[in-house]
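The values are calculated or read from the model by the stated rules, or taken from the named source; none is laboratory data. Keep in mind that what you see is a predicted model, and the values were worked out from it rather than measured. Here the Cβ is made from the backbone with ideal geometry for all residues, glycine too, and neighbour counts use every protein chain on show. Surface accessibility is based on the protein's heavy atoms, side chains included, excluding ligands, DNA and RNA. Shrake-Rupley method; radii C 1.70, N 1.55, O 1.52, S 1.80 Å.
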Amino acid sequence: MVIDRYSHLSKDQLIDLLIKRDANRKLGLVWERDEIEHEKALNTDFVLLEHDEKLSIGTTPFENFVIEGDNFDALRYLTTAYKNSIKCIYIDPPYNTGNKDFIYNDRFIDQNDSYRHSTWLEYIYRRLLLAKDVLTSDGVIFVSINDENRSKLELLMDQVFPGMRVGTLVWKKRRSSNAAGLKHFFSCDHEHVLVYAGDSFRFKGSDKDWGKYNNWDEIEQDWWTSTQLTLGFNRKQRKNLFYPLYNPKTNIWYPCDPNRVWARATKERLGDREVRTETMEELIERNGVHFPDEPTPIIYNSTEEIEFAIKKGTAPPHLAEQEDLEFWVNKKIGFGKPRFKTYKKKVRNTAQPLSSWILENGRLTEENLGAISSGLTSEGTKALRDVGLTFPYPKPPSLIRNLIEQATGPNDIILDFFAGSGTTGQAVLELNNSEEGSNRRFILVSSTEASQKEPNKNVCRDVTAPRLAAVINGFNGQKGIGGNFAYMRVNRIPQETITFDIRHDQIWLALQNIHSRSVYPFNEALSFQTALGKSNEPDYFYLPKVDQEIMDELQDRIENLQKPVIIYSWQPGIIRQRFDFSHLQIEKIPDFLISRLGR
């Protein structure tokens, strides 16, 4: 087996392979990389998209894109056309179960293939490296994964996105089952969503429950609620925080819970040491502690009385665990529990942070407002069945919709390069429909999943696009929610033939992707293609050919424009001779695209 694996390599290739392996890090996730295969994948072909108007849905300009083809090539294109432009990536990659769940080099990975883990890791690694380039500085990537492969994928993500780990969301995909083949009588009912993001990324969270701020303070002239005044440490772990607490206004003392000590230090035990937070005495002085009403505080005249009360069970809470019972003799002792006073005006965040626990739809309560909810896998299956389609284990639209709502604003772009049945696209469309003024856009990359056994299979054309079309236009008497998408295909052109093989419609599509992120189809009837940039961006033109009539028409269009203009042409010299406007920039085609996209 070893001979077969390396016998086809030249001496130079073998030496290069050994040098690279010697240089690999030995700490952390290490997998077998087939460097030769990797280098073959990194071809020098020029990647472009071509537009299929027949499979596109809605009116122009198209702002959403469904891309059919290998997501590695699609990402090569997107990393240049959309560099640092994508706010949110969600992917549900193959889970490496060995159950024919993904295709690599036109073959299915078998469950018994000992090399399959490395093959899977390398497959994901290449794509994540490219995906990192499209994220904005405050962008986020969500990756769904099963429990079995979470650890491997998380280590891989740490390598690609160092220092960007946010955490893991846990999603309940089904209810416990006695399904056949249940091992160890253990039902694994959850999956994970790994979260990696830029340093400035923040979830929206959920609105804080202001109803709890129902106590009025005349001194502060503010509403307040109470929270715990203790920490989750015992008296052995935080000795200096285990002390009697005194209310100077009522002259009442409170014993400390030995298993939850006070959250502030006392001046008496600090000595000359300084602390970053205020002391308990300072907190009390600024009216920051709520002491409970004590209509009947107790006073003991001797330690014997205290011991008798402890034995009888009538002593105040935690008095029995105090270190010096003599201290409590002849002191008024309270039975209640002092708490923090949290004032509404001083709340730093007006929202609850997002919980890592995704709840099942219908299970949200006042106690877990910081969580998002989701349907089970069955919701995803039903969403497809409703439009007459099937696809294995689709995610519920509510899961992705709530993740996107938490992570993006109304004009952000969302990318899914393992789009499968198109759930992410449906989630974006539904979110736009539910929020006034929302115009989130999606880019979905879905492969055909064709193989030697099924050469005519095309998931993107036959599942992804029809599903989104049904959501947009309506189905089974249900009204559509509107929207559009342009259907694209990945097209690779050898660098040496690009001048002859590149088409005008591909050029125009690429220029629009680079400039405006929205697409008008190429119109052969026009002398030149044009699109208006935003108020702070230039208008741009593409001239497939140049003649006197076209030049005259172009001059009429641009000479009175008060904003910058870019002209893309195969014959830039002729245009420069004709026009001498200060607001005009001229770029040569295809050279501009080669320099921008051809890597």
Checklist entry - So what is the accessible area of region 400-516 per residue, in Å², with the probe set to 1.4 Å? => result 38
Checklist entry - Antiparallel DSSP bridges in region 444-599: what percent, to the nearest 5? => result 35
Checklist entry - Can you give the accessible area per residue of region 185-256, in Å², using a 1.4 Å probe? => result 57
Checklist entry - Share of Cα-Cα pairs in region 209-266 beyond 13 Å, in percent? => result 67
Checklist entry - Spin-label point model (7 Å from Cα, Cβ direction): what's the Arg576 to Asp257 distance in nm? => result 7.8
Item to check | Using a Förster distance of 51 Å, the FRET efficiency for Arg596-Glu268 (Cβ separation, nearest 0.05) | outcome: 0.15
Next on the checklist: Cross-link candidates for Lys346: which lysines have Cα within less than 25 Å, leaving aside residues fewer than 8 places away along the same chain?
Outcome noted: Lys204, Lys208, Lys212, Lys249, Lys267, Lys337
Checklist outcome for this item: Once phi for every residue in region 64-69 is put through the Karplus expression 6.51 cos²θ - 1.76 cosθ + 1.60 (θ = phi - 60°), the whole-Hz ³J(HN,Hα) values, with Gly and Pro written as x, are 10, 10, 10, 10, 8, x
Item to check | Interchain or long-range residues, amide H under 5 Å from Asn215's placed H | outcome: Trp224
Checklist outcome for this item: Given a 1.4 Å probe, the accessible area of region 121-161 per residue, as a whole number of Å², is 28
Checklist entry - In the chain, carbon and sulfur make up what percent of the accessible area (probe 1.4 Å)? => result 48
Next on the checklist: Under a crude label model (7 Å from the Cα following the beta-carbon direction), how far is Arg174 from Thr60 in nanometres?
Outcome noted: 4.7
Checklist outcome for this item: For the chain, the percent of all C-alpha pairs falling in each 20 Å bin, from 0 up to the bin holding the max distance, is 15, 37, 28, 15, 4, 0
Checklist entry - FRET efficiency for Lys312 and Glu218, Cβ-Cβ distance as r, R0 = 56 Å, nearest 0.05? => result 0.90
Item to check | Cβ-defined net charge surrounding Lys479, 15 Å radius [Lys, Arg +1; Asp, Glu -1] | outcome: -2
Checklist entry - Once the other residues with Cβ under 11 Å from the Cβ of Ser398 are scored (Lys, Arg +1; Asp, Glu -1), what is the net sum? => result -2
Checklist entry - Using helices alone, what [θ] at 222 nm do you get for the chain, with -39,500 (n - 2.57) per DSSP H run of 4 or more residues, divided over all residues and rounded to the nearest 500? => result -8000 deg cm²/dmol
Checklist outcome for this item: The lysines whose Cα lies under 19 Å from the Cα of Lys453, excluding any fewer than 8 residues away in the same chain, are Lys100
Item to check | DSSP beta bridge pairing in the chain, given as percent antiparallel to the nearest 5 | outcome: 55
Checklist outcome for this item: Amide H neighbours of Asp539 at under 5 Å, excluding residues fewer than 5 places away on the same chain, with H built from the backbone geometry, are Gly533, Ile566
Checklist entry - What's the Cα-based Rg to Rh of region 149-297, Rh via Kirkwood? => result 1.14
Checklist outcome for this item: Scoring only Lys, Arg, Asp and Glu (+1, +1, -1, -1) among other residues with Cβ under 12 Å from the Cβ of Phe335 yields 0
Item to check | Cα→Cβ-extended label distance, 7 Å offset, between Lys457 and Arg557, nm | outcome: 4.5
Checklist outcome for this item: With every protein chain kept in place and a 1.4 Å probe, the residues Phe579, Phe203 fall, from largest accessible area down, as Phe203, Phe579
Checklist outcome for this item: For region 547-553, Karplus-derived ³J(HN,Hα) couplings (6.51, -1.76, 1.60; θ = phi - 60°; whole Hz; x for glycine and proline) come out as 8, 4, 5, 5, 5, 5, 5
Checklist outcome for this item: Counting sequence-distant residues (5 or more places) and residues on other chains, those with an amide H built under 5 Å from that of Gly474 are Gly480, Ile481
Item to check | Rounded to 10°, Cα long-axis angle of helix 71-81 versus longest principal axis of the chain | outcome: 90
